[in-house]
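Down below is the structure, laid out as structure tokens.
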Amino acid sequence: RLVHDSCFTACILLNGILISLILFKTPAYLRSFSIVLFYLSIVEVSTAICSLLIFRKVMGTSTHIIDSIR
């Protein structure tokens, strides 16, 4: 769980830095490419947040509930 949480926390932080660089440091002639990078970074951040929330929910579920689903 520690490895999972630290990887996705790093993903959120690094993509946050990338988003700020895209918004504030992109030259005008690369603006069209930066839009694609911006949207991909937003998708990665939202995926990391959802993965953190879902992983905590699944790991917090007792095993007899998971076994009854199978």
Search result, residues across segment 30-55 that are among the small types (G, A, S) and open to solvent by less than 50 Å² (accessible area, probe 1.4 Å): S34, S41, A48, S51
Yes/no for F8 being modelled with pLDDT under 90 and either assigned to a helix (DSSP H, G or I) or surrounded by 11 or more Cβ atoms within 10 Å (Cβ to Cβ) (or both): yes
Residues of segment 11-29 satisfying the condition of being open to solvent by less than 60 Å² (accessible area, probe 1.4 Å), over 17 Å from L53 (Cβ atoms) and part of a helix (DSSP H, G or I): G16, I19, S20, I22
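The values are calculated or read from the model by the stated rules, or taken from the named source; none is laboratory data. Worth saying up front: this structure is predicted, and the values here are computed from it rather than measured. Virtual Cβ from ideal backbone geometry, glycine too; neighbours counted across all protein chains shown. To get the accessible areas, we keep the full protein, side chains included, count just its heavy atoms, and leave off ligands, DNA and RNA. Shrake-Rupley method; radii C 1.70, N 1.55, O 1.52, S 1.80 Å.
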